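Input: a single structure, listed below in structure tokens.
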Amino acid sequence: MHLKFSTLLLFISTAIGISDVVVAATPSPTTKCVVPHTADVDDSPAIMEVFTRCNVNSTITFKAGVEYNAWSPMKWFNLTNVKIELKGALHLPTNVTDVQAKVVATYGTATAPWFSIQGKNVDFVGDLSPKGGIIHGHGEGWWDAGIQASRIDQPPQTLVSNLFFLFRRPAL
């Protein structure tokens, strides 16, 4: 099997979990879907609608120069031969307790990922531009909350465990 991209596994401090994703050279998707954005609104419902509608033989594109508001946890399941192009940026909420409450409400546990991606032949491709291909997890708030909790003899609660992000850089 020949891969067009080099693969690098990075651990990051945002709530991303990818399970059962087969990373391979994806056949050319036939449907092109662009994720819409609305300023100052949670884009998660619109993102979910696109991933539901375009879950087979598709390219799903987060537009360049767009700062998407991913303010709710999302499950992107049943993907087959899908290429996800993150040309813009995704922003998670900045409020740590809000993130924790939403994860528990969605998954029933605080240790679940913000993005859960499952499928076969899924490519997740970031952009090489300085403002593209970025997921803003706002880790400083988590760091600060962890330090504050440890000052009062409580272990810091973070979403770092069992989290990973697969970054695929286009071949140059």
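Beta carbons closer than 8 Å, at least 6 apart along the sequence or on distinct chains, never pair a first residue in the stretch 59-75 that is on the phi > 0 side of the Ramachandran plot and open to solvent by less than 30 Å² (accessible area, probe 1.4 Å) with a second that is at pLDDT below 95 and not basic (Lys, Arg).
Among the residues of the stretch 69-97 satisfying the criterion of being among the polar types (S, T, N, Q) and assigned to a strand (DSSP E or B), which is nearest to residue 132 (Cα to Cα)? Across the stretch 69-97, the extreme among qualifying residues is 69.
Screening residue 120 on (1) surrounded by fewer than 19 Cβ atoms within 10 Å (Cβ to Cβ); (2) on the phi > 0 side of the Ramachandran plot; (3) at pLDDT 85 or above shows it passes everything except condition (2). Return yes when residue 55 is modelled with pLDDT of 90 or more, within 15 Å of residue 119 (Cβ to Cβ) and in contact with a Leu (Cβ under 6 Å, 6 or more places away or on another chain) and no when it is not. The answer is yes for residue 55. Comparison of 7, 38, 14 shows that the only residue that is among the polar types (S, T, N, Q), at pLDDT 95 or above and closer than 25 Å to residue 137 by Cβ is 38. Every condition in (1) assigned to a helix (DSSP H, G or I); (2) in contact with a Phe, Trp or Tyr (Cβ under 9 Å, 6 or more places away or on another chain) holds for residue 50 except the one numbered (2). The set of residues in the stretch 35-58 that are open to solvent by less than 70 Å² (accessible area, probe 1.4 Å) and under 15 Å from the mean Cα position of the chain (by Cα) comprises 35, 42, 43, 44, 46, 47, 48, 50, 51. Scanning the stretch 84-110 for residues that are more than 19 Å from residue 144 (Cα to Cα) and open to solvent by less than 50 Å² (accessible area, probe 1.4 Å) gives 84, 85, 86, 88, 89, 90, 103. Every listed requirement among (1) open to solvent by 30 Å² or more (accessible area, probe 1.4 Å); (2) modelled with pLDDT of 95 or more; (3) aliphatic (A, V, I, L, M) is met by residue 128 save one, (2).
The values are calculated or read from the model by the stated rules, or taken from the named source; none is laboratory data. Because the structure is predicted, anything quoted here is derived from the model rather than measured. Note that each Cβ is placed from the backbone with ideal geometry, even for glycine, and that neighbours are counted across all protein chains shown. Surface areas here come from the heavy atoms of the whole protein model, side chains and all, with no ligands, DNA or RNA. Shrake-Rupley method; radii C 1.70, N 1.55, O 1.52, S 1.80 Å.
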